[in-house]
1. What number goes with the only condition from (1) modelled with pLDDT of 95 or more; (2) not in a helix (DSSP H, G or I) that residue 178 does not pass?
2. Is it the case that residue 214 is acidic (Asp, Glu) and over 30 Å from residue 117 (Cβ atoms)?
3. When the range 213-256 is examined, which residues are found to be part of a loop (DSSP other than H, G, I, E, B), open to solvent by less than 30 Å² (accessible area, probe 1.4 Å) and over 30 Å from residue 106 (Cβ atoms)?
4. Which numbered condition in (1) over 30 Å from residue 112 (Cβ atoms); (2) open to solvent by 30 Å² or more (accessible area, probe 1.4 Å); (3) part of a helix (DSSP H, G or I); (4) in contact (Cβ under 8 Å) with a residue 24 or more places away in the chain is the only one that residue 167 fails?
5. Do we have any residue at all in the range 237-256 that's within 17 Å of residue 101 (Cβ to Cβ) and either modelled with pLDDT under 95 or of a type in the set (Val, Ile, Thr) (or both)?
6. Any residue that is of a type in the set (Ser, Thr, Tyr), part of a loop (DSSP other than H, G, I, E, B) and crowded, with 19+ Cβ neighbours inside 10 Å - is there at least one of those in the range 150-161?
7. Among the listed residues 99, 111, identify the single one that is within 29 Å of residue 244 (Cα to Cα) and among the acidic types (Asp, Glu).
8. Of everything in the range 97-144, what is open to solvent by 50 Å² or more (accessible area, probe 1.4 Å), touching a strand residue (DSSP E or B) at 6+ places or on another chain (Cβ under 7 Å) and in a loop (DSSP other than H, G, I, E, B)? Give them in sequence order.
Amino acid sequence: MKIIDFNNVHFCAYLRYKDRYIPDKQDQTRDIIRAHVEEQLGPEIFYAEQLKKERENRRPSGYYTPIYYLPHKKNAAKIDLAMLDTLKIYAFSERRKNELYSGAELSKEPEKLKTLKKAGINSIVSLVPYDDYEKNAKDAGLNFTDISKLKNSRLNVFDIQNELIDQLIRHPNIYADDDKDGKVAGLKEFVNILNGKSKEFPPPIYFGCQLGTDRTFLWHQLYLILKDEPQDEPLSKETVKKLVQYSNDVKDTFRW
């Protein structure tokens with residue numbers, strides 16, 4: 001603990017806090033001493049209780065934050081929704097506050113991409129590979145990938161209605177082994193990114209297909225099924241059941 005020389009406290013503290021005006025002489029002396037002690041030992045010497053309550057109020061009650069969320073939760077970005085509103089993005093949707101958003105692709109709209117960055121978005125994940133999207137996004141200061149590049153998987157937006165989901169249903173063990181199916185590795189990386197676990201593509205994240213509607217919604221539904229699934233184990237029976245229902249829903253959606 002620091003030792004304070006109170007012989008000099010009035011002189012030193014007066015010089016440091018001479019801009020304070022306190023009419024009563026006794027109160028003035030106490031205030032100068034208090035200010036000096038606060039300067040030496042920090043505000044917590046007087047305000048421990050208030051600071052404790054303030055810190056407690058910052059933590060949502062009853063909510064456990066997984067360790068892998070801590071880095072971006074600690075300095076969580078705050079999205080300016082009013083600014084995003086001005087862009088009039090087709091099918092814009094907030095999927096997870098201040099972390100995950102979706103809507104139509106913006107490959108040909110560099111000014112909108114700049115505003116997206118100003119509003120707080122850090123990364124874009126495109127469900128479709130559009131010319132100039134990566135260049136325009138990076139020029140705006142955004143991190144960018146499309147799903148075909150994730151783990152060199154060549155994932156594409158139509159994989160939700162192709163062999164990939166059927167493979168996961170028939171062979172749930174392949175989810176634990178990236179070497180058995182490259183697209184599974186890409187899918188797992190997609191889940192990691194949307195979970196906020198990627199250093200390369202940190203949240204807040206904006207993702208979507210051409211219009212940000214049907215396939216964007218279905219990719220998000222697939223993400224919700226897999227987001228808490230361990231990636232080094234075969235898919236659970238419960239998850240396989242959900243994928244069966246999901247597959248049926250996808251086939252019904254695109255039956256034309």
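The values are calculated or read from the model by the stated rules, or taken from the named source; none is laboratory data. Just so it is clear, the structure is predicted and the values come from calculations on it, not from any experiment. Glycine also receives a Cβ, built like all others from the backbone with ideal geometry; neighbour counts cover every protein chain displayed. These area figures cover heavy atoms from the full protein model, side chains too; ligands, DNA and RNA do not enter into them. Shrake-Rupley method; radii C 1.70, N 1.55, O 1.52, S 1.80 Å.
1. Condition (1) is where residue 178 drops out.
2. Values: acidic (Asp, Glu): yes; over 30 Å from residue 117 (Cβ atoms): no.
Answer is no for this residue.
3. Residues satisfying the conditions are 229, 235.
4. For residue 167, the exception is condition (4).
5. For the range 237-256, residues within 17 Å of residue 101 (Cβ to Cβ) and either modelled with pLDDT under 95 or of a type in the set (Val, Ile, Thr) (or both): absent.
6. yes
7. On the way: 111 fails: within 29 Å of residue 244 (Cα to Cα).
On inspection, the qualifying residue turns out to be 99.
8. Of everything in the range 97-144, just one residue is open to solvent by 50 Å² or more (accessible area, probe 1.4 Å), touching a strand residue (DSSP E or B) at 6+ places or on another chain (Cβ under 7 Å) and in a loop (DSSP other than H, G, I, E, B), namely 129.
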